[in-house]
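Read the structure below first, then the notes.
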Amino acid sequence: MTHIDPEALVASLRRLQTTSPTTGIVHQLERAVDVVDTLFGYSGAGLMFAEEGRDLRYLVATDDRGRSLEGAQLHLGQGPCVSAYEENTAVTSSDVHADPRWPKLADRLHPEVRAVAGVPVRLGGDPVGTLNVYQSEPYDWDESDIQALYAYADVIEQLLTAAMAAEEKSALADQLQYALDYRVIIERAVGYLMGKHDLTAAQAFTGLRKQARDSRRRVADLAAEVLGEGAGELR
């Protein structure tokens, strides 16, 4: 079972709550997800947000397995994280590969995504997304896990509220939409590299990220360049 140190939890939440809004809301959200992943020893974590049409999109995932979890749920329109958003409550599964609630989900998941938990991220009481974690082995989530996730979801709500108070609401929405759109560009670039070089999704994404780091560029910018080059080849 995952051991959650109450003192470490409180200290971590305080650090997040005092983060300067000048660092950008998307950067703060990425940091919050990374903290959830590392502090509690979960195998991975992610954050999904709803667009204006109320459809969920993934914004942050700590690794390729987490990306497979969020991508599979978005493709099928079902899963523990989608249910957490739709039902506005915590939803858990000790093993999604054997969970009868979502029979089609297992076929689209990375084999090391087993236990999944999701809690809603709210604004004004209404869900706007979900905070999600997974374990690579079957795991029975307990109340301390859920309370810790809710605590971090509350901090994410505070970060969003503070950002909205610090700048125009439309500017915040533009930041989030920009990040969501660039996730699509990265996914398309990964698909292009998979087809061109006969790579797996993990190999393509890892290579793209490494090249971006080596050249000190953002992954999204490099992905857009890769797609541009691919379009040129088809002319």
Karplus-derived HN-Hα couplings along region 91-99 (A = 6.51, B = -1.76, C = 1.60, θ = phi - 60°), whole Hz, x at Gly and Pro: 10, 10, 9, 6, 6, 5, 6, 10, 8
Backbone HN-Hα couplings from phi across region 27-34 [Karplus 6.51/-1.76/1.60, Hz, Gly and Pro as x]: 4, 5, 5, 4, 5, 4, 5, 4
Which of the chymotrypsin sites (Phe, Trp or Tyr not before Pro) across region 108-168 are loop residues per DSSP, with 10 or fewer other Cβ within 10 Å? none
Evaluated at 37 °C with a viscosity of 0.692 mPa s, what Stokes-Einstein diffusion coefficient in µm²/s does region 93-160 have when Rh comes from the Kirkwood expression over alpha-carbon pairs? 253
What number does region 60-128 give for Rg over Rh if you use C-alpha atoms and the Kirkwood radius? 0.96
Long-range amide H partners of Leu59 with built H, under 5 Å: Leu47, Met48, Phe49
Calculated from backbone phi, Karplus (6.51, -1.76, 1.60) coupling profile of region 108-120 in Hz, x at Gly/Pro: 9, 9, 5, x, 8, 9, 10, 8, 9, 9, x, 10, x
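Taken together, the values in this text are just the output of simple stated rules run on the coordinates, not laboratory data. What you see is a predicted model, and the numbers here were worked out from it, not measured in a lab. Methodologically, a virtual Cβ is constructed for each residue, glycine included, from the backbone with ideal geometry; neighbour enumeration extends over all protein chains shown.
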